[in-house]
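Take a look at the structure set out below.
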Amino acid sequence: MTVLLPELVLGPDARVRERVAVEVVAGRITRLLDARDASEDALALPGRLLVPGLVNAHSHAFQRALRGRVERVDPEHPFDDFWTWREEMFAAATALDPDSVRRTSEACFREARAAGYTTVGEFHYIHHQPDGTQYDEPNELAHAVCDAARAAGIRLVLLQTAYARAGRGLPPSPGQRRFCDASVDAYLARVDALRESVAGDPLITVGYAPHSVRALPRDWLEAIARHAAGSGLPVHVHADEQPREIDESLAEHGLRPIALLDACGLLGPKTTIIHATHADDDELDLLAERGASVCACPTTEANLGDGFLPAARLWARGVPVAFGADSNTRLDPFEEARETEGLARRQAGRRNVLVRAGEDGPARSLWECLTVNGARALGLETAEIAVGAPADLVALDLDHPEISDVPVEHLPAAVLFSGSSALVRESWVAGTRP
Ligand SMILES: [Zn+2]
């Protein structure tokens with residue numbers, strides 16, 4: 001048993017409480033006590049605000065290797081956009097082997113952990129050798145990612161990705177071969193095998209990740225939907241990130257991507273749409289009707305020139321939004337939250353936009369995006385400081401210049417609007433510090 005005695009605690013209602021001790025037994029929060037009742041061997045954390053561990057719901061760890069390298073114009077491709085960036089990303093993916101997948105993933109997860117993320121949803125799509133040949137162990141690279149998460153001490157949901165083609169009627173390009181399985185059954189068998197191999201590991205679970213409607217034909221989407229139904233596992237899909245993807249989906253299926261996913265049976269409460277940047281109102285209505293989530297990745301969407309999250313329209317419909325660091329260009333959860341509200345303000349031409357009825361500002365819902373919505377998107381129990389919740393916790397430095405002198409009642413908003421990952425001091429995953 002451990003008892004943490006921080007100066008302040010952020011409660012599930014995003015209000016700060018004083019004189020609360022947090023008891024942890026076997027990786028879970030078992031009691032919230034009055035600090036005066038805490039035993040003498042409690043771990044005192046003066047000058048700390050204890051907050052729930054933050055959830056990075058969408059990551060491609062290896063893309064961290066693109067930092068800096070992609071921030072220049074290639075004279076051969078003067079019009080630089082998502083699609084030219086993707087060629088650089090494919091080149092980085094082609095160069096990886098099992099050892100470098102483990103090393104780059106571990107470096108990313110360690111940095112994420114230091115930035116306050118205690119859980120990562122790794123959307124893992126590099127599966128086979130560069131020419132597409134399977135390794136002797138078909139899940140070799142997924143196991144390398146799992147080993148990296150264990151070494152970094154971060155909770156992992158490995159979202160095993162299905163990928164089949166470059167586009168309608170097109171075989172995979174050379175840079176895409178190692179992402180692709182020979183058949184949807186081969187892919188589903190790898191999901192089952194991976195799930196079996198991590199069963200019993202309390203910090204690793206698995207989910208389905210049909211990559212996108214551009215990377216998969218309709219029969220694959222339908223087969224994955226059938227397999228996922230009743231499994232209880234999360235399903236993550238990139239959709240509506242780029243206008244070209246929508247045009248191609250309309251040309252191939254007569255449906256926009258989110259409408260197609262619904263027609264294939266893939267849209268439900270376990271589903272998370274990554275980006276949804278260019279979703280129209282009908283698609284957003286569908287997400288709300290099906291109880292699906294959206295994962296926004298604002299720092300990456302900015303870096304790639306993807307566009308704007310339709311945040312105000314998502315909030316108006318009550319669609320749960322989680323955040324992801326995606327390309328891991330930046331690992332700062334508070335920046336993702338600030339960017340989301342900031343973009344909504346720029347679009348609306350006013351302040352305090354993402355405010356739900358009965359609330360006086362956006363802070364509470366943005367904290368939910370970083371915590372409980374991320375957990376929900378990844379099929380995890382919850383991410384809050386409450387009895388019964390996993391003891392995934394982060395201690396922020398109240399004396400840091402970014403938030404020093406902020407009155408207690410304003411701290412939840414100040415951390416989001418004025419703070420950064422530099423506030424993070426200690427963190428625990430299932431009650432354990434690295
Ligand atoms: Zn992604």
_Residues (part of a helix (DSSP H, G or I) and touching a helix residue (DSSP H, G or I) at 6+ places or on another chain (Cβ under 6 Å)) located in the stretch 95-129_ = Pro98, Val101, Arg102, Thr104, Ser105, Glu106, Cys108, Phe109, Arg110, Arg113
_Within the stretch 64-86, take every residue that is exposed (fewer than 15 other Cβ atoms within 10 Å of the Cβ) and touching a residue at least 60 places away in the same chain (Cβ under 8 Å) and give me the one that is nearest to Leu141 (Cα to Cα)._
Arg67
_Looking at the stretch 18-29 only, could you name the residues that are open to solvent by 20 Å² or more (accessible area, probe 1.4 Å), in a strand (DSSP E or B) and farther than 19 Å from Thr118 by Cα?_
Glu18, Val20
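Please tell me if Ser197 is polar (S, T, N, Q) and in a helix (DSSP H, G or I). Don't jump to the end; show me each part of the working.
Details: polar (S, T, N, Q): yes; in a helix (DSSP H, G or I): yes.
Yes: the conditions hold for Ser197.
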*asked:* Go through the stretch 304-324 and report how many residues are on the phi < 0 side of the Ramachandran plot and in contact (Cβ under 8 Å) with a residue 40 or more places away in the chain.
replied: 10
_Can you tell me which condition Leu216 does not meet? The list is (1) touching a Ser or Thr at 6+ places or on another chain (Cβ under 9 Å); (2) within 16 Å of the ligand (Cβ to nearest atom), and all the others hold._
(1)
_Residue selected from the stretch 257-287 under the condition of a type in the set (Asp, Glu) and under 22 Å from Phe323 (Cα atoms), by the criterion surrounded by the most Cβ atoms within 10 Å (Cβ to Cβ)_ = Glu283
*Going through the stretch 145-167 one residue at a time, which ones are in contact with a Leu (Cβ under 9 Å, 6 or more places away or on another chain), outside any strand (DSSP E or B) and open to solvent by 10 Å² or more (accessible area, probe 1.4 Å)?*
Arg150, Gly153, Ala164, Arg165
*Matching residues, the stretch 239-256, being outside any helix (DSSP H, G or I), open to solvent by 10 Å² or more (accessible area, probe 1.4 Å) and of a type outside the set (D, E, K, R)*: Gln242, Gly254, Leu255
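Tell me the residue from Arg376, Arg425, Arg338 that is part of a strand (DSSP E or B) and open to solvent by 10 Å² or more (accessible area, probe 1.4 Å), please.
On the way: Arg376 fails: part of a strand (DSSP E or B); Arg338 fails: part of a strand (DSSP E or B).
Step by step, each of Arg376, Arg425, Arg338 is checked, and only Arg425 is part of a strand (DSSP E or B) and open to solvent by 10 Å² or more (accessible area, probe 1.4 Å).
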*When you go through (1) outside any loop (DSSP other than H, G, I, E, B); (2) surrounded by 21 or more Cβ atoms within 10 Å (Cβ to Cβ); (3) modelled with pLDDT of 95 or more one by one for Glu301, which number turns out not to apply?*
(3)
*Only one of (1) in contact (Cβ under 8 Å) with a residue 24 or more places away in the chain; (2) in contact with a strand residue (DSSP E or B) (Cβ under 7 Å, 6 or more places away or on another chain); (3) away from the ligand (no atom under 16 Å from the Cβ) is not met by Ala61, so which one is it?*
(3)
*For the stretch 311-335, name all the residues that are assigned to a loop (DSSP other than H, G, I, E, B) and under 18 Å from the mean Cα position of the chain (by Cα).*
Val319, Pro320, Gly324, Ala325, Ser327, Asn328, Thr329, Arg330, Leu331, Asp332
*Of all residues in the stretch 252-293, which are within 16 Å of the ligand (Cβ to nearest atom) and more than 26 Å from Asp219 (Cβ to Cβ)?*
Thr277
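Can you find a residue that is within 23 Å of Arg31 (Cβ to Cβ), in contact with a strand residue (DSSP E or B) (Cβ under 6 Å, 6 or more places away or on another chain) and either acidic (Asp, Glu) or in contact (Cβ under 8 Å) with a residue 60 or more places away in the chain (or both) anywhere in the stretch 354-368?
Quick first cut of the stretch 354-368, residues within 23 Å of Arg31 (Cβ to Cβ) only: 367.
Checking which are in contact with a strand residue (DSSP E or B) (Cβ under 6 Å, 6 or more places away or on another chain) leaves us with none.
No, the stretch 354-368 contains no residue that is within 23 Å of Arg31 (Cβ to Cβ), in contact with a strand residue (DSSP E or B) (Cβ under 6 Å, 6 or more places away or on another chain) and either acidic (Asp, Glu) or in contact (Cβ under 8 Å) with a residue 60 or more places away in the chain (or both).
The values are calculated or read from the model by the stated rules, or taken from the named source; none is laboratory data. What you are looking at is a predicted structure, and each value in this text was computed from that prediction instead of being measured. Virtual Cβ from ideal backbone geometry, glycine too; neighbours counted across all protein chains shown. For accessibility, only protein heavy atoms count, side chains too; no ligands or nucleic acids. Shrake-Rupley method; radii C 1.70, N 1.55, O 1.52, S 1.80 Å.
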